[in-house]
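Every read-out reported here was derived from the displayed coordinates using simple, explicitly stated rules and does not represent laboratory data. Everything numeric here is computed off the predicted structure, so don't read it as measured data. Reconstructed Cβ throughout: ideal geometry from the backbone, glycine too, with neighbour counts over all protein chains shown.
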Amino acid sequence: MADLSVQIGALRLRNPFIGASGCFGYGLEYTSAVDLSTIGGVAVKGLFLEERQGHAPPRIVETPAGMLNAIGLQGIGVHRFVAEKLPELRRLGATVIVNICGSTLDEYIEIARVLSDHEGVGAIELNISCPNIKEGGIQFGCSLHGTRDVVSGVRKVTRLPLIPKLTPNVTDVASFARASEEAGADAISLVNTFLAMAIDVETRQPKLTNVMGGLSGPAIRPIAVRMVWECFQAVKIPILGMGGIATIDDALEFIIAGSSAVQVGTANFVDPLIWPKLIRGLDDYMTRHNIARVADLVGSLQIPGKHS
Ligand SMILES: Cc1cc2nc3c(=O)[nH]c(=O)nc-3n(C[C@H](O)[C@H](O)[C@H](O)COP(=O)(O)O)c2cc1C
């Protein structure tokens, strides 16, 4: 087996495959399907300071080649997470990326402080891109000032690697990548879901209680790949790409476009046994193409007529 490890700032991952936030629980729910010590990392469900119930159902709708969700960031809160989940994740050898959300800048800062006091947190993913909540989240991620404020504010209180997660619901995603880099991010992840809606034509009611939700899955993949490519040209920090990855070729598209690591979300609901297939698939590809390190593949897009 080739060396599949990748470096994300100070964080070393044993391979580039990470369970995406909100699609992989707190990691522990998936242990009957996957040995967490064999995958690159686990991005846990978004955490606020306090517990949250999220939105009333229905909050998930299937769509062609994807799904719409408006969970509304249901979660156990950071204090219960560090007490109840983190020790077990450590024991299982998982590399833990904690996805955090805030209604205010102070909330992001406070959660980051709590996490910095505990062993076993590999990195913080700053969710400034959730389309399904009223306060905070995407309001920070849709403004360059908001993005800078959250990243630089949290930067001041923690030495943990910081990974702002960008929203695709903006015109120029590369400028948000640049703002994140300038504010002190160690890496960026993208994309979160695309704001979308679905209607039941018989009742003329929205299919989601929240009316709008976030679209994920294979339907969004080509747009997400394009956004990763745009960001790769705009920043030097590593990119964690995601959006509709369901096969090794999908993951390779993201890596060749410029992702140092990739996250897999919606595919977990279809095939929770996907992980060894991705790992073996990458190993096969690297052997076939005589590539020694994953880093040599990152951003290796060949555009005919252009010389690298
Ligand atoms: C049901 C569901 C819940 C999600 N919850 C979160 C979350 O808590 N925090 C976050 O940053 N992203 C969340 N996401 C977004 C995913 O992490 C990912 O960015 C997006 O779904 C695109 O990847 P995919 O097409 O592989 O699912 C969620 C997505 C889904 C489908």
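How high is the relative contact order of the chain? Use alpha-carbon pairs under 8 Å, at least six apart in sequence, and give a whole percent. All intermediate terms of the calculation are to be shown ahead of the outcome.
Numbers: 716 pairs, mean separation 59.2, N = 308.
Dividing the mean separation by the residue count of the chain yields 19 percent.
Which value in Å is the Kirkwood Rh of region 65-111 over different Cα pairs?
Details: mean 1/r = 0.0777 Å⁻¹.
One decimal place: 12.9 Å for the Kirkwood radius.
Give, rounded to the nearest 20 debye, the magnitude of the charge dipole that the chain has about its Cα centre when Lys and Arg contribute +1 at Cβ and Asp and Glu contribute -1 at Cβ. Spell out each step's value before the answer.
Numbers: 27 positive and 30 negative charges, 59 e Å.
In debye, rounded to 20, the chain gives about 280.
Got a sec? How would M1, M197, M67 order by Cβ neighbour count within 10 Å, fewest to most? Walk me through the numbers on the way to the answer.
Values: M1 10, M197 15, M67 22.
Ranked by crowding around the Cβ, least crowded first: M1, M197, M67.
Apply the Kirkwood formula to region 87-191: the hydrodynamic radius equals the inverse of the mean of 1/r over all pairs of different alpha-carbon atoms; give it in Å with one decimal. Before the final figure, lay out each step's value.
On the way: mean 1/r = 0.0734 Å⁻¹.
One over the average 1/r among Cα pairs gives 13.6 Å for region 87-191.
Which percent, nearest 5, of DSSP beta bridges in the chain are antiparallel?
Antiparallel bridges make up about 40 percent of those DSSP assigns within the chain.
With the Cα gyration tensor of region 167-308 in hand, convert its eigenvalues to equivalent ellipsoid semi-axes via √(5λ) and list them largest first in whole Å.
Over the Cα atoms of region 167-308, the ellipsoid semi-axes are 29, 21, 13 Å.
Tell me, E51, E181, E125 in order of fewest to most beta-carbon neighbours within 10 Å?
Working: E51 13, E181 19, E125 27.
If I rank by nearby Cβ atoms, fewest first, I get E51, E181, E125.
Could you size up the charge dipole of region 195-308 around its Cα centre, putting +1 on the beta carbon of Lys and Arg and -1 on that of Asp and Glu, and report it in debye to the nearest 20? Write down the numbers at each step before the final one.
Working: 10 positive and 10 negative charges, 46 e Å.
Dipole magnitude for region 195-308 comes out near 220 debye.
Take H118, H289 and order them by how many other Cβ atoms sit within 10 Å, fewest up front.
The order, fewest Cβ neighbours first, is H289, H118.
Would you mind calculating the relative contact order of region 39-195 from Cα pairs under 8 angstrom and at least 6 residues apart, reporting the percent as a whole number? Kindly include the intermediate steps, with their values, before the conclusion.
Values: 310 pairs, mean separation 30.8, N = 157.
Value for region 39-195: 20 percent.
Work from the charge dipole of the chain (Cβ charges, +1 for Lys and Arg, -1 for Asp and Glu, about the Cα centre) and give the residue of L13, P64, I291 farthest towards its positive end.
Comparing the listed Cα positions along the dipole, I291 ranks first.
Counting helices only, and only those DSSP H runs with n ≥ 4, report the 222 nm mean residue ellipticity of the chain as the sum of -39,500 (n - 2.57) divided by its residues, in deg cm²/dmol to the nearest 500.
Values: 10 runs with 91 residues, N = 308.
Dividing the helical sum by the residues of the chain leaves -8500 deg cm²/dmol.
On full extension of the chain, what length is gained from L105 through L301, given 0.36 nm per residue of separation minus the C-alpha to C-alpha distance?
On the way: separation 196, 0.36 × 196 = 70.56 nm, distance 3.75 nm.
Length gained, L105 through L301: 66.8 nm.
Which of the peptides 228-235, 252-259 is most tightly packed, and how do the rest follow, going by the mean number of other Cβ atoms within 10 Å of each residue? Write down the numbers at each step before the final one.
Details: 228-235: 20.5, 252-259: 23.6.
In descending order of packing, they fall as 252-259, 228-235.
Per the Kirkwood formula on distinct C-alpha pairs, the Rh of the chain is how many angstrom? Let's see the in-between values first.
Details: mean 1/r = 0.0520 Å⁻¹.
That comes to 19.2 Å for the chain.
What is the Cα radius of gyration of region 159-234 over 2.2 N^0.38 Å, N being its residue count? Spell out each step's value before the answer.
On the way: Rg = 15.7 Å, N = 76, 2.2 N^0.38 = 11.4 Å.
Ratio of Rg to 2.2 N^0.38 Å for region 159-234: 1.37.
Gap in Å between the Cα centre of region 116-192 and the Cα centre of region 225-253?
Taking the Cα centre of each part, region 225-253 and region 116-192 sit 17 Å apart.
Which helices count as membrane-span-like in the chain under these terms: full DSSP H, at least 18 Å along the axis by C-alpha, Kyte-Doolittle mean of 0.0 or more? Walk me through the intermediate numbers first.
Working: long enough: 221-234 (20 Å, 0.37); 274-288 (21 Å, -0.42).
Membrane-span-like by this criterion, though nothing is claimed about a membrane: 221-234.
With a cut-off of 8 Å between alpha carbons and a minimum separation of six or more residues, what is the relative contact order of region 176-231 in percent? Numbers along the way, then the final one.
On the way: 43 pairs, mean separation 17.7, N = 56.
For region 176-231, the relative contact order is 32 percent.
How large is the translational diffusion coefficient of region 27-176 in µm² per second when you combine the Kirkwood radius over alpha carbon pairs with Stokes-Einstein at 20 °C and 1.002 mPa s? Intermediate results must be reported in sequence, preceding the final value.
Details: Rh = 16.1 Å.
Rounded, D is 133 µm²/s.
Share of antiparallel DSSP beta bridges in region 11-113, in percent to the nearest 5? Mind dumping the intermediate values first?
Details: 5 of 11 bridges.
Just about 45 percent of them are antiparallel.
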